[in-house]
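To start, the structure under review is shown below, and the notes come after it.
Computed from the coordinates by the stated procedures, all read-outs in this text should not be read as laboratory data. Everything quoted here is computed from the prediction, not taken from an experiment. All Cβ positions, even for glycine, are placed from backbone atoms using ideal geometry, and neighbour counts span all protein chains on display.
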Amino acid sequence: MKVDIPNFIDDRILMLGSRQVTSYLVMGEHFAWIGGGTAWGVPRLEEQLAHFQIDRRRIRYLVVSHVHHDHCGAVPYLCRKYPWIEVVASTYGAYLLTREKPVRLMRDLNARTLDRLKMAHSHDGVSLDFTDIHVAHPMGDGDGLDLGGGLSLQFVDTPGHSRCSLSVYLPERRILFPGDAIPFPERGRNELTVTANHDYPDYLSSLEKLRPLSIDMVAYEHCGMLNGNGAKDIVSHGLDASRKQRERIRARLQELGDAERLVDETVAKYQTVELFRLLSVDVLRPIIRRMVLSAIDER
């Protein structure tokens, strides 16, 4: 079953944001905010924190699953507004968040989107503009954080969707927070949407790494949370779907004999998926091209 309306999932987990871009608050003695959201989602997030009467002083950690603008766009604002928050990301993510080129790209995209939405570049007197981010806690396989109150976070490097992807597992509740590291079920579609945007072999390896986890819920950062029977085997089903898509890509390349035509076909398919529909073709095509070329890689 999918849950995509922001609310308390249980007494310790709060879903925030929207169905399109979702964050989660894990509430131990210290709170961990998982999912860095978007700058244009900040007003909604602040309204929700007020509505649910969240004590912002208890938010200690902010986990960035990967360095894409829709997963870390709100982080500079949140760090300015609440300077006691400590940012968590993968080791490579921590590196990217201080590099001039990726920071500039996200700053420009962030500004253009705020302008397109006719939104101010500040909220409650605090800038929404994107800047470099200091990561206080670079994390990788085997690292963890104790939140107190019987809750802890365990981290898993899961490259493939992006090189810097970091998944989070909450063992006490058997909840996986994968960012975009595993395929997701989109409303109205019978198949899982594969998100092997950066490197297909790495994506498959990351799914293999996650498969042994006992999972009762999957908290995506797009489209909400999956629970019940659908969540328990989602990694295995996602692995099967990813392998089948890779074989379809390879077979279609044999038919077409032209990788660029195959890229164009695949772009058209992904444009029908809600998650990718918001991206212009000039942005989407390089992403899909990289996925297709890595899918035909013989590694």
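Compute the helix-to-body angle for 281-295: its Cα long axis versus the longest principal axis of the chain, expressed 0 to 90° and rounded to tens. It is inclined by approximately 60 degrees. Loop-only trypsin sites (Lys or Arg not before Pro) in the range 187-219, please: DSSP not H, G, I, E or B, and at most 15 other Cβ atoms within 10 Å. Here the trypsin sites (Lys or Arg not before Pro) that fit, given the DSSP loop and packing criteria, are Arg187, Arg189. Each Cα pair under 8 Å and six or more residues apart adds its sequence gap; the mean of these over the residue count of the chain is a relative contact order of 15 percent.
Inter-label distance, Arg277 to Arg44: 1.5 nm, where each label sits 7 Å from its Cα along the C-beta direction.
Mean silhouette area of the range 85-158, derived from the convex hull of its C-alpha atoms and averaged over all directions, reads 6.8 nm². Among Thr131, Thr158, sorting on how many other beta-carbon atoms sit within 10 Å of each Cβ, with the fewest leading, yields Thr131, Thr158. Amide hydrogen proximity for Ser122: with H placed 1.01 Å from N in the peptide plane, the residues at 5 or more positions away or on another chain lying under 5 Å are Leu128.
Taking 20 °C and 1.002 mPa s as conditions, the range 152-299 diffuses translationally at an estimated 137 µm²/s according to Stokes-Einstein applied to its Kirkwood radius (Cα pairs).
Close amide H contacts of Asp143 (hydrogens built in the peptide plane, cut-off under 5 Å, sequence separation of 5 or more or a different chain): Phe155.
Taken over the alpha carbons of the range 244-295 as equal point scatterers, the Debye sum produces base-10 log I(q)/I(0) values at 0.13, 0.20, 0.22 Å⁻¹ of -0.28, -0.65, -0.77.
By the beta-carbon count within 10 Å of each Cβ, the least crowded to most crowded order of Asp132, Asp282, fewest first, is Asp282, Asp132. The Cα-based radius of gyration and maximum Cα-Cα distance (Dmax) for the chain are 18.6, 59 Å. Annotation note: chymotrypsin sites (Phe, Trp or Tyr not before Pro) in the range 21-81 located in DSSP loop regions with a Cβ neighbour count of at most 15 within 10 Å are Phe52. The order of Asp199, Asp180, Asp258, Asp216, going from fewest to most other C-beta atoms within 10 Å of their C-beta, is Asp258, Asp216, Asp199, Asp180. A crude spin-label estimate for the pair Asn190 and Arg163, with each label 7 Å from Cα along the Cβ direction, gives 3.9 nm.
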